[in-house]
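Some notes on the structure that comes next.
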Amino acid sequence: SSGINAEWLLRPGILTERENIVELNKPATWIKANNDFRMYYITNYDLVGWKKLYHQLISDHTVFTATDRIQLLSDLLKLVTADKLDITFPLQFLTYMKRETEFGPWKLATEHWHELMNKMSPAEKFAAKIYARDLIDEALKDVVQLNTSFNKPIKERLLQFILVDTGIAVDHPVADEFIDKLGNTSRNTLEEGTEPGIVYLQKLRKAQTNKNYWNELLETLPKLKDADEIMETYQILCDTNNVTALKELLESSLKGSEDTQQAVLDIISKTRPDIAWQFFRRNYDTYFEKYGDSLFTMSYILQTVTEQLNSNEMYNEVKSFFKTNKPGTGEPGLTAGLEQIAENIRWKKNHRHKCRNFFFTYARKHAKGKN
């Protein structure tokens, strides 16, 4: 923390009382607790404290270690989930990511971005995409320009997260520059010997812009033997807004291994939970026959296909379905899934309108800035 001996805040027992006074060695602009995430608790500050940390990140984020930055992001997002913090500030807080070049903070941010987008309408997602692209425009430039001593595989994976996990790989102009600069390859050419991260991005972008290539990948699935390659191919194929294509992939997965069936349900549930649930519901007898007596798998599947749903209608539909269909050993997963649906509904009620206002306001300002 700024000008403070970290041991003061880490010393056993110092945070056990309702109120503690900590003496500083010298004046401090800000204070950050739990340095380097060495203890397992969430830290909340008053809004003034959070804003001071935010301004430090904007000024020079490297004052904090990557682990500290992960912790700040993690704590913010968990506090929003617990209704201890208004979501508008964490969305503003993310603007520091324009200068973030470390893998960990981006991984955490993109995972939560997925969860947030699952709760948004198409119009809200479009506005949010403008916000995300502005952050990524700056971040990509910094990461692409990192010196050659930076670990190349980690650099590729970092950019894969930024481009793919925020869902804007296809239409981002910096992506071509990155692929050409790092992999010395062209947009639609898959050259032998290129790094795995580059190949993945190339395949993904080609699949999303070329329907024939998407079909070719789908046709190769039965011939693939390597489990990692099968999973990667499904991941690429599932990254589409084409509902018909997603249904086709779910049908195809039923012919695959148990790992494949579970992975495809998991992938599609994260982006289109309604499609995954309806497919699972229609094919419930098939899944139950295969997994209904398994110790953990049925529970995992039931939680997977329900926990991303977020409306009262879907909550009632799931409950109604299992009044006439036994969950078998999946009862714990079903219970967890229903609890999460209820939590998603509560979250939307408390936070969605604030997200909507934030993203729409940002999009309007962005549009005015371009005119």
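The values are calculated or read from the model by the stated rules, or taken from the named source; none is laboratory data. These figures come from a predicted structure and were not determined experimentally. Heads up, the Cβs are rebuilt from the backbone with ideal geometry, glycines too, and the neighbour counts pull from every protein chain shown. Ligands, DNA and RNA are stripped out before the accessible areas are found, and what is left, the full protein with its side chains, is counted by its heavy atoms. Shrake-Rupley method; radii C 1.70, N 1.55, O 1.52, S 1.80 Å.
Return yes when T361 is at pLDDT below 95, farther than 18 Å from H114 by Cβ, surrounded by 17 or more Cβ atoms within 10 Å (Cβ to Cβ) and not aliphatic (A, V, I, L, M) and no when it is not.
Against the criterion (at pLDDT below 95, farther than 18 Å from H114 by Cβ, surrounded by 17 or more Cβ atoms within 10 Å (Cβ to Cβ) and not aliphatic (A, V, I, L, M)), T361 does not qualify.
Out of the range 50-69, which residues are of a type in the set (G, A, S), surrounded by 14 or more Cβ atoms within 10 Å (Cβ to Cβ) and over 19 Å from F103 (Cβ atoms)?
Hits for the range 50-69: nothing passes.
Just name the residue that is least open to solvent (accessible area, probe 1.4 Å) out of those in the range 208-242 that are farther than 20 Å from I275 by Cα and outside any helix (DSSP H, G or I).
In this case the residue turns out to be L224.
Restricting the range 330-346 to residues that are of a type outside the set (A, V, I, L, M) and open to solvent by less than 50 Å² (accessible area, probe 1.4 Å), which is nearest to N312 (Cα to Cα)? Break it down into steps so the answer makes sense when it comes.
At the first step, the residues of the range 330-346 found to be of a type outside the set (A, V, I, L, M) are 330-333, 335, 337, 339-340, 343-344, 346.
Pick out the ones that are also open to solvent by less than 50 Å² (accessible area, probe 1.4 Å) and you get 330, 333, 337, 344.
On the way: G330: 22, G333: 19, G337: 13, N344: 10 Å.
Applying the filter and picking the extreme gives N344.
Could we say that E289 is free of Cβ contacts under 8 Å to residues at least 40 places away in the same chain, part of a helix (DSSP H, G or I), open to solvent by 30 Å² or more (accessible area, probe 1.4 Å) and within 17 Å of K119 (Cβ to Cβ) here?
Values: free of Cβ contacts under 8 Å to residues at least 40 places away in the same chain: yes; part of a helix (DSSP H, G or I): yes; open to solvent by 30 Å² or more (accessible area, probe 1.4 Å): yes; within 17 Å of K119 (Cβ to Cβ): no.
Here the answer is no, as E289 does not meet what is asked.
It is to be established whether one or more residues within the range 248-268 are in contact (Cβ under 8 Å) with a residue 40 or more places away in the chain and charged (D, E, K, R).
No.
When you scan the range 252-261, do you find a residue that is surrounded by 14 or more Cβ atoms within 10 Å (Cβ to Cβ) and either in contact with a Lys or Arg (Cβ under 6 Å, 6 or more places away or on another chain) or farther than 19 Å from M231 by Cβ (or both), even just one?
no
For the range 72-146, give me every one of the helices (runs of 4 or more DSSP H) that falls completely inside it and has 2 or more residues that are acidic (D, E) and within 21 Å of I268 (Cβ to Cβ).
Working: elements: 88-93, 103-117, 122-144.
In the range 72-146, the matching helices (runs of 4 or more DSSP H) lie at 103-117.
Quick check on my filter: what residues within the range 262-281 are part of a helix (DSSP H, G or I) and open to solvent by 30 Å² or more (accessible area, probe 1.4 Å)? Let's see the steps before the verdict.
Just the residues of the range 262-281 that are part of a helix (DSSP H, G or I), to begin with: 262-271, 273-281.
Q262, D266, K270, T271, D274, Q278, R281 - these are the residues of the range 262-281 that are part of a helix (DSSP H, G or I) and open to solvent by 30 Å² or more (accessible area, probe 1.4 Å).
If I go through the range 70-79 residue by residue, how many of them are more than 12 Å from N34 (Cβ to Cβ) and open to solvent by less than 10 Å² (accessible area, probe 1.4 Å)?
2
I'm trying to understand the selection: among the residues of the range 94-107, which are touching a Lys or Arg at 6+ places or on another chain (Cβ under 9 Å) and open to solvent by less than 20 Å² (accessible area, probe 1.4 Å)?
Those that are touching a Lys or Arg at 6+ places or on another chain (Cβ under 9 Å) and open to solvent by less than 20 Å² (accessible area, probe 1.4 Å): Y96, E100, P105.
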